[in-house]
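Okay, structure first, notes after.
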Amino acid sequence: MLTHPTGLRPRAFFVGLLLCAGISAGIPYGEFVIQGTRLGLSSSTPAALFLLFLLIVFVHPVLTALRPSWGFTRDELLLVTVMMIVATAIPSRGFTGMAMAMISGVPYYASPENQWSEVLVPYVPGWIHPQGHQAVKDFY
């Protein structure tokens, strides 16, 4: 069996990528569509820890029972965990949630009193935020 010098097999990367894809689709769906539990809100990353729990309790024992070499090593589990923890921060409040609010907040909160339409909006590229007052209101 081919292994890398670090002891990580390519399948650990693929499992990590698959779980990260699930996180990146599941967190926005859970938060914004069904408005359920915010699995990406806290720094403890419950989404990543839950998927790690499922991987260790259900998938790993089955793989090991079928063939011991199919089980994940400690390094591989660490890699998958770190990938999921980082992936949890991107589609949630860690990056995307704040970035979307900052980008679309400029035209949304622009008023004659604060003069953002003249002071800030010309410096924000048009492609980066919803265009038109109704589109910005619909975004929120």
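The sole residue among Arg9, Arg67 that is more than 23 Å from the chain's Cα centre (by Cα), surrounded by 14 or more Cβ atoms within 10 Å (Cβ to Cβ) and at pLDDT 90 or above is Arg9.
Note on segment 124-140: residues that are in a loop (DSSP other than H, G, I, E, B) and of a type in the set (Val, Ile, Thr) amount to 1. Summed over segment 119-128, the residues that are loosely packed, with under 11 Cβ neighbours inside 10 Å and touching a residue at least 12 places away in the same chain (Cβ under 8 Å) give a count of 1. Can you tell me which residue is farthest from Met100 (Cα to Cα) among those in segment 129-140 that are open to solvent by 60 Å² or more (accessible area, probe 1.4 Å) and in contact (Cβ under 8 Å) with a residue 12 or more places away in the chain? Out of the qualifying residues, it is His133.
Of all residues in segment 12-47, those satisfying the criterion of being at pLDDT 90 or above and either in a loop (DSSP other than H, G, I, E, B) or open to solvent by less than 40 Å² (accessible area, probe 1.4 Å) (or both) are Ala12, Val15, Gly16, Leu19, Cys20, Ile23. Of the residues making up segment 22-71, those that are hydroxyl-bearing (Ser, Thr, Tyr) and under 14 Å from Gly97 (Cα atoms) are Ser24, Tyr29, Ser42.
A residue that is under 22 Å from Ile27 (Cα atoms), surrounded by 13 or more Cβ atoms within 10 Å (Cβ to Cβ) and not hydrophobic (A, V, I, L, M, F, W, C) occurs nowhere in segment 108-118. When segment 48-94 is filtered for residues that are outside any helix (DSSP H, G or I) and closer than 17 Å to Arg9 by Cα, the ones remaining, listed by number, are Arg67, Gly71, Phe72, Thr73. Summed over segment 70-81, residues that are out of contact with any Ser or Thr (no Cβ under 8 Å at 6 or more places or on another chain), free of Cβ contacts under 8 Å to residues at least 40 places away in the same chain and open to solvent by 40 Å² or more (accessible area, probe 1.4 Å) total 2.
The values are calculated or read from the model by the stated rules, or taken from the named source; none is laboratory data. As the structure is a computational prediction, the values presented were derived from the model and not from experiment. Using ideal geometry, Cβ is built from the backbone for each residue, glycine included, and neighbour counts are taken over all protein chains shown. Heavy atoms of the whole protein, side chains included, go into the accessibility calculation; ligands, DNA and RNA do not. Shrake-Rupley method; radii C 1.70, N 1.55, O 1.52, S 1.80 Å.
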